[in-house]
Structure formats: C-alpha cells, structure tokens
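What follows is a set of notes on a single structure, which appears directly below.
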Amino acid sequence: MERAIQEAGLSEIYEKVLSNTRLSAEDGEQLYSTTHLPALGYLANLVRERLNGNRAYYVYNQHINYSNICINLCKFCAFGKRRGEPGAYEMSIEDIASRIREKKDEPITEVHIVGGLNPDLPYQYYLDMLRAIKTERPEVHIQAFTCVEIAHLARISGQSIPKTLEDLVEAGLGSIPGGGAEVFSPRVRKEICPKKLPGKEWLEIARLAHRAGIRSNATMLYGHIETIAERVDHLLALRQVQDETGGFLCFIPLSFHPDNTKMAHLPPPGGVEDLKNIAVSRLLLDNFSHIKAYWIMLGPKVAQIALSFGADDIDGTILGEKITHMAGADTAQAMTRKEIEHIIQQAGRIPVERDTLYNPV
Ligand code: V47
C-alpha cells in the first residue's frame with residue numbers, strides 16, 4: 001500500500017497520519033481530490049482502527065418524525081410540506097405514545113426524533129411528547145430535535161437557548177441529533193435552504209448544548225452544489241467546536257437524495273463520493289471518536305464497505321424513518337439485529353450493540 005500512497009501523492013499526509021499530526025485544510029482538499037480511492041481508504045482505516053479497533057457499533061433504535069409541516073421548505077428536502085398540501089401530517093401526542101407502545105416488546109434503547117418547523121405546534125407539545133415517551137418507556141434515551149428545531153423552540157417559547165434546553169432535559173431529552181447542519185457556507189445555504197438557521201448559529205447552539213452537558217451529533221449534507229473547499233471548511237468548523245467542548249458524539253456524512261425535491265435535476269452522489277466523505281471526515285475530524293455510515297442513506301452495501309473506509313458505526317435498526325424515504329431512498333424501513341450483525345460480520349468487523357452514548361449494551 002505504501003507504493004500506492006506514494007503514487008497517489010499522499011506520502012506527506014501518510015506521515016502525518018502515522019505520527020497523529022493534525023491535518024490542514026489543504027490536506028483535506030487534496031484528500032477529496034484524489035482519485036486513488038484505495039489509498040484514501042487505507043489512510044482512513046488506520047485512524048479508524050487506532051480509535052475503534054475492529055469494532056463496529058450499532059444501536060437498537062426507533063425513529064419518529066412527528067410532523068413534516070415546515071416553514072423552511074429547504075430545496076433539498078422532500079419531507080417538508082406546507083399545511084394542507086397532500087401528504088402533510090402532524091402526529092398527536094397519543095399517536096406518538098401509541099407508536100412507542102407498539103414496539104414495547106422490542107429491546108429499543110433509543111428513540112430518535114426529528115421533524116419540520118411546524119408553525120402551529122405550541123411549545124408545550126414538545127415537552128408533552130418527551131414526557132409521553134418517558135411514561136411509556138422510562139428507560140429509553142430520547143435523542144430529539146436538531147439544533148434548528150431547538151432554535152425554533154426557543155423562539156416560540158420566548159426563552160433563551162439554555163433555558164429551553166433546561167426545560168427539554170427536564171421533560172426527558174437525552175441528546176441532540178446532528179441534522180440541520182447541511183453545509184455551513186452562507187453561499188450554499190442561500191441557494192439550498194435560505195430560510196434555515198445560519199451555520200454560525202447551528203454551531204453556537206451545539207456549543208451551548210455541550211456546555212449544558214447535553215451531547216449532540218453533527219452531520220454534513222453532501223453531493224449537491226457544495227465545493228470541496230466548502231466541505232473542508234464545514235469539517236474544520238466542527239473540529240473547532242469539538243476542540244472547545246468535546247461534546248460531539250459522532251459525525252454523520254449525509255448523502256444527498258434528489259428525488260421529489262426542488263433539486264431533482266441533480267444526479268445523486270455515487271458510491272465513490274460516499275466513501276470519500278466517510279474517509280475524509282475520519283481523517284480531518286481527529287477529535288471525533290466515531291464516524292457513522294448511515295445505512296438508510298448509503299444503502300447497506302455501501303455502509304458495509306464504509307466500515308473499511310473510516311466508519312465504525314452503522315446507526316441501527318431505525319424503525320420508521322421518513323425523511324430519506326420521501327426523497328427516493330430504496331433502502332428498507334428497518335433492519336433486524338440479525339441483519340445488522342450479519343453485514344458487520346461479513347465486513348470482518350465485530351458487531352457491538354451500543355446505547356446512544358456509545359456504552360456497550
Ligand atoms: O437536516 C433532508 C437531511 C437531516 C434530505 O444524529 C436529507 O445520528 C439527504 O438529523 N437527502 C435530518 N439528506 C436527519 C438527521 C439525522 C439522520 C441520521 C442520523 C442522525 C444522527 C441525524 O436529513 C436534515 C438533512 O440534512 N436530509 N433531506 C435528502 N433529500
């Protein structure tokens with residue numbers, strides 16, 4: 001492999017990886033630009049195995065997308081709808097409680113909740129949702145509301161972000177999912193999600209959550225109009241916050257699904273782009289313990305290969321996801337524990353069931 005690394009012009013980066021030296025923005029751009037995929041994967045895998053050995057994590061989780069009615073209507077999103085539009089929906093607290101009840105016999109440890117910015121739902125709805133889930137399943141960890149939703153909740157409650165977070169934790173919030181980050185670049189946001197919370201504010205909410213002791217995830221939506229430099233800036237902005245707080249649990253590159261969106265004319269990113277984003281994020285985000293290959297978006301086959309390109313986590317059973325499926329994902333709605341363990345073992349890794357905070361279950 002050293003010969004391949006040399007031929008790829010990646011020897012200096014290889015030396016840095018071996019000596020655990022932080023990579024620069026220029027290194028990041030060079031890694032994204034390489035066409036030598038095996039050399040890139042080899043470098044990322046060195047870091048992956050240094051941090052996580054041969055383990056590949058998964059979580060037994062259930063997804064709830066409580067409403068798709070949204071005031072942002074981002075161009076890349078097929079999930080968000082206006083009220084009254086065909087397909088628009090809003091779950092009642094009882095609907096949500098009954099979804100939790102339906103799965104009570106399954107050993108779920110995490111409930112993952114993301115929704116649109118619904119202008120009609122009151123602040124109390126979100127607190128009631130958390131409490132209702134905790135009443136049904138007191139032991140479950142609730143990972144809910146992206147930084148974008150947290151900003152919306154602070155706005156409708158008329159409170160500060162820290163006070164809003166305090167209320168949510170008191171009602172049962174355990175941690176915050178990584179969505180809404182998209183690409184932080186103002187140029188990209190202006191084009192694809194002009195109404196969404198600016199990137200700087202997303203980062204500030206993550207910081208405030210971490211300071212309040214709430215862990216969160218981070219994502220990047222790639223494969224649309226963003227440049228390589230904008231991807232690298234995004235990753236380095238996350239690395240900076242992680243240096244300050246250490247509060248991010250994992251990073252998840254999200255592969256753009258164009259179907260049924262206002263950007264449906266764009267081709268979806270291919271498998272090479274998917275693997276590059278896993279590998280480069282593993283190499284640049286030296287202070288993140290985990291990189292997740294989100295199988296719902298990558299498909300189980302690419303997710304499985306990603307376990308040798310830097311990823312050490314494959315998300316989980318994911319009962320009931322809607323956001324990716326409305327944008328044309330042809331993956332299943334869920335995987336069983338047996339299926340997940342099988343694809344991990346086939347990749348030569350050891351499956352480890354984890355809870356949300358990466359403690360082995
Ligand atoms: O912010 C929306 C993305 C995110 C599309 O924290 C799309 O473990 C691709 O938060 N193509 C929400 N992506 C989902 C989310 C999430 C998902 C998986 C794991 C975690 C975690 C969090 O989904 C949005 C947006 O970036 N998204 N539409 C689309 N067409």
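Every read-out reported here was derived from the displayed coordinates using simple, explicitly stated rules and does not represent laboratory data. The model shown is predicted, which means the values in this text are computed figures rather than measured ones. Heads up, the Cβs are rebuilt from the backbone with ideal geometry, glycines too, and the neighbour counts pull from every protein chain shown.
Descriptive notes on the structure:
- Fewest-first sequence of Tyr14, Tyr58 by Cβ atoms within 10 Å of each Cβ: Tyr14, Tyr58
- Within straight-line reach of Lys190, meaning a Cα separation under 16 Å, sit the following aspartates and glutamates at least 8 residues removed in sequence or on another chain: Glu182, Glu201, Glu226, Glu230.
- Loop-located GluC sites (Glu not before Pro) in the range 106-177 (DSSP state not H, G, I, E or B) with no more than 16 neighbouring Cβ atoms inside 10 Å: Glu139.
- Extension gain, Leu37 to Glu273: 0.36 nm times the residue separation minus the Cα-Cα distance gives 84.0 nm.
- Sparsely packed loop sites in the range 195-248 (the trypsin sites (Lys or Arg not before Pro) outside DSSP H, G, I, E and B with at most 15 other Cβ atoms within 10 Å) comprise Lys195.
- Each peptide in 152-159, 91-98 gets a packing score, the mean of other Cβ atoms within 10 Å over its residues, and the list from highest to lowest is 152-159, 91-98.
- Projecting the Cα positions of Gly28, Thr324, Ile252 onto the charge dipole of the chain (unit charges on Cβ atoms of Lys, Arg, Asp and Glu, taken about the Cα centre) puts Thr324 furthest along the positive direction.
- DSSP-defined antiparallel bridges as percent of all bridges, the chain, nearest 5: 5
- Binning all Cα-Cα separations of the chain at 20 Å, short to long from zero, yields these whole-percent fractions: 31, 61, 9, 0.
- Translational D in µm²/s for the range 36-92 (Stokes-Einstein at 25 °C, 0.890 mPa s, Kirkwood Rh from C-alpha pairs): 158
- Sum of side-chain charges, His112 neighbourhood, beta-carbon under 11 Å (Lys, Arg +1; Asp, Glu -1): -3
- Over 26 Å between alpha carbons, listed pairs Lys75/Lys338; Lys292/Lys338; Lys163/Lys262; Lys163/Lys195: Lys75/Lys338; Lys163/Lys262
- Rounded to the nearest Hz, the phi-derived 3J(HN,Hα) couplings of the range 221-226 under the Karplus curve 6.51 cos²θ - 1.76 cosθ + 1.60 (θ = phi - 60°) are 8, 10, x, 10, 10, 6, where x marks glycine and proline.
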